Amino acid sequence: MFDESISRWGTHSAKWDLLAAHLGEDALSLSVADMEFATCPAVSRAISDACAAGIFGYTEVFDDFRQAARGWQERRHGWRPETSDVHFFPRIVQCVSALCSIVLPEALGRPPRVVTLDPAYGPILEVVERAGCELRRVPLTLSGDTPSIPEASFAAAMRDADLLLWCSPHNPTGRVWTPEELDLVASLALTYDVLVLSDDIHADFQRPGRGRYIPLATRSPQLWDSGRLIQCASPGKTFNTAGLEASAIIVRGQLGAQLEEAKRLMGLHNPNFFAIPATIAAWSKGDEWVDRLCQRIDANLDVAAARLRARLPRARVIDPDGTFLVWVDARPYLGSSALLDQAVARARVAVSPGEDFGKEYGGFFRINVALPERDLERALDRLCQAILALSTH
Ligand SMILES: Cc1ncc(COP(=O)(O)O)c(C=O)c1O
């Protein structure tokens, strides 16, 4: 399992057909955060069963979806939200859009002030900026082995803010936040009455013996009970079902109803036909498969960190506690983003450039290790060789 190389050329794949095609037929891709692994058999079965009759009409969300979401949270993360607090959104990005362009501007009478740690997942920030919000980016301190939160500037940004976009575990650095860091977030949010959206899409990638992901809602029942915390869960990364578009937005009270209203305004009711059966199968039958997947990802992360550190000793390679991503500060080798482009073209290996996560991150890149180990090794060898060849010119 997780050893087979599966070609995705010609599948309308963003990662391959859009972003790697220019690199040629033998390109490898470590870019977009979906996986090169076939999903859990129970999920594929649910989709083919749903396909069998050949009728793909309008759908609705029922309690079985909400129960599956709760069951997964309870078994995997020790959190038991009420099913009535679970809301369906196709994508987490759309939930952020609903908040920033509809719910908060209506409540405040002005565009919201939004805080995020930097670097951050680009498409969510794009939505925030397009909604006309004031975006306050707080750069993580990247000097040690582990990126850390600069407490003073974080606190300053939170004062009089309306929304914190929190990402847990953190993309792109793979940080799994400690209980103390979660306490800091909860305390600032409560002190300054800031709404928190915790984007926990990477929550299920637990590495053995590493810091454990904790839902902010369980760490701070006070914040959860206040109705000022939105927890976002998704099978998209964990089960490689991002293209099916399903997420569970979990929030107490009035805000849930407001998000449902905004969803209708955005025309987002009636999920994709396959989204609900696939998600229910994933969250009720996928535990064992995910346990095995986490072992494969853990081994691949070890390979990636060791190889990058050995081949590019002057780079700073973050060995993550969570996610399937590795964030690399390769500035000693890549003085400009043009050099990264050249290295990618020479290696025929796509990566996510640092600038996708903030314009100051030229010379950084992020790789995705969710692919068969031998393909990962080939890709890393080609990439490191190309970077070294260019940097010694
Ligand atoms: C942190 C983070 N949030 C959200 C998403 C996208 O989620 P969705 O497709 O549900 O909008 C991604 C995808 O890479 C991500 O890394």
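The values are calculated or read from the model by the stated rules, or taken from the named source; none is laboratory data. Only a predicted model underlies this, so the values are computations on that prediction, with no experimental measurement involved. Virtual Cβ from ideal backbone geometry, glycine too; neighbours counted across all protein chains shown.
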Among the residues of region 289-306, are any more than 24 Å from Thr323 (Cα to Cα) and modelled with pLDDT of 95 or more? no
Would you check if Ile214 is away from the ligand (no atom under 16 Å from the Cβ) and either in contact with a helix residue (DSSP H, G or I) (Cβ under 8 Å, 6 or more places away or on another chain) or without any contact (Cβ under 8 Å) to a residue 24 or more places away in the chain (or both)? yes
All but one of (1) assigned to a helix (DSSP H, G or I); (2) of a type outside the set (Ser, Thr, Tyr); (3) farther than 21 Å from Asp319 by Cβ hold for Gly362; state the number of the condition that does not hold. (1)
Which of the residues spanning region 179-198 are assigned to a strand (DSSP E or B) and touching a helix residue (DSSP H, G or I) at 6+ places or on another chain (Cβ under 6 Å)? Val196, Ser198
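Return the total of residues in region 208-237 being of a type in the set (Lys, Arg) and either under 16 Å from the mean Cα position of the chain (by Cα) or not in a loop (DSSP other than H, G, I, E, B) (or both). Spell out how you get there, then give the answer.
So in region 208-237, the residues of a type in the set (Lys, Arg) come out as 210, 212, 219, 228, 237.
Those still in the list that are either under 16 Å from the mean Cα position of the chain (by Cα) or not in a loop (DSSP other than H, G, I, E, B) (or both) too: 219, 237.
Result for region 208-237: 2.
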Would it be correct to say that Ala53 is more than 16 Å from the ligand (Cβ to nearest atom), of a type in the set (A, V, I, L, M) and modelled with pLDDT of 95 or more? no
One residue is enough: does region 188-205 have a residue meeting the conditions over 19 Å from Ser148 (Cα atoms), acidic (Asp, Glu) and surrounded by fewer than 17 Cβ atoms within 10 Å (Cβ to Cβ)? yes
State which residue pairs qualify: first residue under 16 Å from Val290 (Cβ atoms) and part of a helix (DSSP H, G or I) and inside region 31-59, second residue of a type in the set (Val, Ile, Thr) and within 16 Å of the ligand (Cβ to nearest atom) in any location, beta carbons under 9 Å apart, and separation of 6 or more residues or different chains. Val43/Thr241; Val43/Thr279; Ala46/Thr279
Filter result for Ala275 (crowded, with 18+ Cβ neighbours inside 10 Å and touching a Leu at 6+ places or on another chain (Cβ under 6 Å)): yes
Looking at Glu151, Glu126, which is the one that is modelled with pLDDT of 95 or more, away from the ligand (no atom under 16 Å from the Cβ) and of a type in the set (D, E, K, R)? Glu151
Does Trp166 qualify as being within 16 Å of the ligand (Cβ to nearest atom), without any contact (Cβ under 8 Å) to a residue 40 or more places away in the chain and surrounded by 22 or more Cβ atoms within 10 Å (Cβ to Cβ)? no
Taking region 97-120 and keeping residues of a type outside the set (A, V, I, L, M, F, W, C) and over 18 Å from the mean Cα position of the chain (by Cα) leaves Ser101, Pro105, Glu106, Gly109, Arg110, Pro111, Pro112, Arg113
Taking only region 186-206 into account, find how many residues are within 16 Å of the ligand (Cβ to nearest atom) and either among the β-branched types (Val, Ile, Thr) or within 27 Å of Arg159 (Cα to Cα) (or both). 6
When the residues of region 243-259 are narrowed to those that are buried (at least 19 other Cβ atoms within 10 Å of the Cβ) and hydrophobic (A, V, I, L, M, F, W, C), which ends up nearest to the ligand (Cβ to nearest atom)? Ala246
Within region 280-297, can one find any residue that is under 20 Å from the mean Cα position of the chain (by Cα), within 16 Å of the ligand (Cβ to nearest atom) and closer than 29 Å to Asp63 by Cα? yes
All-but-one check, Val176 against (1) in contact (Cβ under 8 Å) with a residue 60 or more places away in the chain; (2) more than 16 Å from the ligand (Cβ to nearest atom), failing number (2)
Pick from Asp225, Asp204, Asp200: which is without any contact (Cβ under 8 Å) to a residue 40 or more places away in the chain and closer than 18 Å to Gly71 by Cβ? Asp200
Among (1) more than 16 Å from the ligand (Cβ to nearest atom); (2) under 18 Å from Ala38 (Cα atoms); (3) basic (Lys, Arg), Lys237 falls short only on (1)
Take Ala345 and decide whether it is surrounded by fewer than 19 Cβ atoms within 10 Å (Cβ to Cβ), out of contact with any helix residue (DSSP H, G or I) (no Cβ under 6 Å at 6 or more places or on another chain), within 24 Å of His22 (Cα to Cα) and among the aliphatic types (A, V, I, L, M). yes
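Scan region 206-235 residue by residue and report those that are of a type in the set (Gly, Ala, Ser) and either touching a strand residue (DSSP E or B) at 6+ places or on another chain (Cβ under 6 Å) or surrounded by 23 or more Cβ atoms within 10 Å (Cβ to Cβ) (or both).
Of all residues in region 206-235, those of a type in the set (Gly, Ala, Ser) come to 209, 211, 217, 220, 226-227, 233-234.
Selection gives Ala217, Ala233, Ser234.
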